[in-house]
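Only the coordinates and a few stated rules stand behind these numbers; no lab work does. The shown structure was predicted, so the numbers you read here are calculated from the model rather than taken from an experiment. Virtual Cβ from ideal backbone geometry, glycine too; neighbours counted across all protein chains shown.
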Amino acid sequence: MSTTVPAYAAPAAGEPLVPTTVERRDVGPNDVLIDVRYAGICHSDIHTVRGEWGPQDYPLTPGHEIFGHVAAVGPDVTTRRVGDRVGVGCMVNSCGECANCVRGEQQFCLDGTVFTYGSPDRDGTTTQGGYSTQVVVDAGFVLSVPEGIEDEQVAPLLCAGVTTYNPLKHWGAGPGEKVAVVGLGGLGHLAVKIAHAMGAEVTVLSQSLKKQEDALRLGADHYYATSDPATFETLAGTFDIIVNTVSADLDVAAYLGLLNLHGAMSNVGVAPSPMSVPGGLLNGHKSLTGSMIGGIPVTQEVLDFCAEHGIGADVEVVPAARINEAYERVLASDVRYRFVIDTTTLTA
C-alpha cells in the first residue's frame, strides 16, 4: 500500500522539472510521516537530475534539505510526536550495524547508505526526495529542529550546514584558531557563520571584492580577493584551517601555501578535475583532506548549535513553479545564498 502526493520531478536527464506525483509507502512501525514545509535547493540536486553524476532512474524527485512537521508516527516510534518540528537531510537509511554506522557515520555505511533521493531503497524502489508535500522516513533519520531557527532557514542546515560544520569541528575551529573560507556561496556563507560562532578568527577568500560587505555582516573578520596575486603573498603561512567550498578547479598549491604548521585544508566542494599537489607543500605536517556531509549525531549537533547561536541560512523562498528558474540562477551564482522551495505551492 502507498499514498500518492504532489511533487516536482525531472522526467529525464537535461529536461526541466515538471509537476507530478510520487508514491509514499504507508507508515511502518518505525516510520515517521512528515508534512514538508520547505525544501532547499542544493547544487548537487542540479548535478544529479541532469545526469552529471552518473545515470539516474527517472523520473526523479530531488531534495535532501527537508523541513516540516510530523503528521503521523509508527507504533514503535517513541522519539517523535505529531506536530514536532523536524528535518531530514541527505540520508534516509543505512544498515545500522557496520563499524561506520555504529560510530554514527552513516554516510559511510559499508553496506550502502540509502540517500534521500536517487538511491536504491531497502524495498527495491528508488528513493524520491523532498520536492514534495510529504515524505515517509525511518525515525532514526529524522532530526529534531529546536526553537531558535526560523522555519524557512532550517532546510539548508541539513546539507550545507553539516557539510561545513563537520570539518570545522574535526580540525578544531575555535578561539585562537585562524580559519579561511574559500568562496561565499550556499556552503561558504554558512561556514562563515558557524566558524564565527565557534570563536575562530575568520577570513573569506573570494575571487573578487563584490561580496565583502556581506562577508563582514555574516561574521568574517577579514576578506581578500584571490584574483589579486598579492593576497597569497600577504597571507602565506597564516591559517590553521582552510575550508574550500567552491566546486571549481583551484591552484591547490597556492592555497596550501596559506596554511601554517599542522594546518589543514578541507575540500567540501567537488572540483571537476583531479587535484595536482606538489609533495613538498605538505611539509610542516599539513593536511589536504575532504569531507562529506555528516552522520546523524553530528547533523543533530549542527541543528542544536545553530539554534543556540541563532544561526539560519540566508535564503530566498521560491514557489514550485520557479524551480527551473532557480536552477538557472544557482548556476549563474545569482542567489544570496540559498533557494528554498515553499512546498505549499506544489500541485500535481
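Taken one residue at a time, the phi angles of segment 155-166 give Karplus couplings (6.51, -1.76, 1.60, θ = phi - 60°) of 3, x, 5, 7, 10, 4, x, 6, 4, 8, 5, 4 Hz. Gly and Pro are set to x.
Please give the per residue volume of the convex hull enclosing the alpha carbon atoms of the chain, rounded to a whole number of Å³. Numbers along the way, then the final one.
Working: hull volume 45.8 nm³, N = 348.
Given the Cα convex hull of the chain, per-residue volume reads 132 Å³.
Rg and Dmax over the alpha-carbon atoms of segment 161-290 stand at 13.1, 37 Å. Amide H to amide H, with H built 1.01 Å from N, Ala71 comes under 5 Å of Leu33, Ile34, Asp35, Gly83, counting only residues 5 or more places away or on other chains. Radius of gyration (Cα atoms) of segment 1-130, expressed as a multiple of 2.2 N^0.38 Å: 1.07. For the chain, the residue among Thr238, Ser2, His43 whose Cα projects farthest onto the positive side of the dipole built from Cβ charges is Thr238.
Normalised radius of gyration (Cα atoms, divided by 2.2 N^0.38 Å) for segment 252-348: 1.52.
Evaluated at q = 0.10, 0.12, 0.19, 0.22 Å⁻¹, the base-10 log of the normalised Debye intensity for segment 92-188, with identical point scatterers placed on the Cα atoms, takes the values -0.37, -0.54, -1.16, -1.31.
Estimated at 0.36 nm per residue, the fully extended path between Ala72 and Arg122 surpasses their Cα-Cα distance by 15.9 nm. Rounded to the nearest 500, the 222 nm mean residue ellipticity of the chain from helices alone is -6000 deg cm²/dmol, with -39,500 (n - 2.57) taken per DSSP H run of at least 4 residues.
Normalising the average separation of contacting C-alpha pairs (under 8 angstrom, six or more residues apart) by the number of residues puts the relative contact order of segment 161-290 at 22 percent.
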